[in-house]
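Chemist: Dropping a structure here in structure tokens format, bear with me for questions.
The values are calculated or read from the model by the stated rules, or taken from the named source; none is laboratory data. What you are looking at is a predicted structure, and each value in this text was computed from that prediction instead of being measured. Note: ideal-geometry Cβ built from the backbone for every residue, glycine included; neighbour counts use all protein chains shown.
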Amino acid sequence: MRAYIYDNLPGDQRLAHDSGKVIDADALRKLGVLYYRITDIGGVNDLAKERGYRNRDEIFVSPEKMGAIYEDKVKTFFHEHLHEDEEIRYIRDGQGYFDVRSEDESWIRIHLGKDDLIILPAGIYHRFTTDESNYVHAMRLFKDEPQWTPLNRSTELDENKFRKEYVEEFLS
Ligand code: KMT
Ligand code: NI
């Protein structure tokens, strides 16, 4: 895992866009984003049980596995959105970037690789992209009342109950 401020310069979303300003795990925690390195699935199962997760799936994001829809999928994941529940992402192989909004609305880019796990709180604005390797194999874990639809950012969504709860808990 390496996290830093996204440079916001034009260029493909899969490039590093590294401003050089490093963000540590403590700063992520203040935004409600929890990072773990877990090398065996047993550790993931324990964490999931502890936090009340009941659903999971595995996704391969690559042109080989997705074919013609790959480019569209990657663009969709990169639209700024939130989920109405806390969700876990566990990287089994490959790499990818999760960008999360910081308190001042800049993007924090989190580069994740094999055995990296992050917990995204409900209501955090974020987006995802593969990196230049164009390959990630990830496990997505959801709680028992699944609300995993991505809701794209809008002024209306800023009034969403889960968004407001997130702002109240982490940005106020
Ligand atoms: C998300 O929440 O944005 C995603 O699940 C992206 C795909 S998981 C590698
Ligand atoms: Ni998402």
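Each row is one residue, and each column tells you yes or no for (1) among the polar types (S, T, N, Q); (2) loosely packed, with under 13 Cβ neighbours inside 10 Å; (3) more than 10 Å from ligand 1 (Cβ to nearest atom); (4) modelled with pLDDT of 95 or more.
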| position | (1), (2), (3), (4) |
| --- | --- |
| Lys30 | no, yes, yes, yes |
| Thr39 | yes, yes, yes, yes |
| Asp46 | no, yes, yes, yes |
| Arg51 | no, no, yes, yes |
| Phe98 | no, no, no, yes |
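Chemist: Looking at the stretch 10-30, can you tell me whether even one residue there is of a type in the set (Ser, Thr, Tyr) and touching a residue at least 60 places away in the same chain (Cβ under 8 Å)?
Modeler: Restricting attention to the stretch 10-30, the residues satisfying the condition of being of a type in the set (Ser, Thr, Tyr) are 19.
Subset that is touching a residue at least 60 places away in the same chain (Cβ under 8 Å): none.
No, the stretch 10-30 contains no residue that is of a type in the set (Ser, Thr, Tyr) and touching a residue at least 60 places away in the same chain (Cβ under 8 Å).
Chemist: Now for a different question. Looking at (1) in contact with a strand residue (DSSP E or B) (Cβ under 7 Å, 6 or more places away or on another chain); (2) away from ligand 2 (no atom under 13 Å from the Cβ); (3) modelled with pLDDT of 95 or more, which one does Arg140 not meet, given that it meets all the others?
Modeler: (2)
Chemist: Please verify whether Gly20 is in a strand (DSSP E or B) and on the phi > 0 side of the Ramachandran plot, treating the condition exactly as stated. Full working, then the answer.
Modeler: On the way: in a strand (DSSP E or B): yes; on the phi > 0 side of the Ramachandran plot: yes.
It is true that Gly20 is in a strand (DSSP E or B) and on the phi > 0 side of the Ramachandran plot.
Chemist: Here's a follow-up. For residues in the stretch 29-61 being basic (Lys, Arg), closer than 13 Å to Ile119 by Cα and part of a helix (DSSP H, G or I), which is nearest to the chain's Cα centre (by Cα)? Quick ask: steps written out before the conclusion?
Modeler: Our first condition is that a residue be basic (Lys, Arg); within the stretch 29-61, this holds for 29-30, 37, 49, 51, 54, 56.
Now drop any that are not closer than 13 Å to Ile119 by Cα, which leaves 29-30, 37, 51.
From what is left, the residues that are part of a helix (DSSP H, G or I) are 29-30.
On the way: Arg29: 14, Lys30: 16 Å.
Out of the qualifying residues, it is Arg29.
Chemist: Also, I was wondering about something else. Kindly provide the set of residues from the stretch 71-83 that are touching a helix residue (DSSP H, G or I) at 6+ places or on another chain (Cβ under 7 Å) and more than 11 Å from ligand 2 (Cβ to nearest atom), ordered by number. Spell out the reasoning first.
Modeler: In the first step, residues of the stretch 71-83 are kept if they are touching a helix residue (DSSP H, G or I) at 6+ places or on another chain (Cβ under 7 Å); the result is 73, 82.
Selection gives Lys73 alone.
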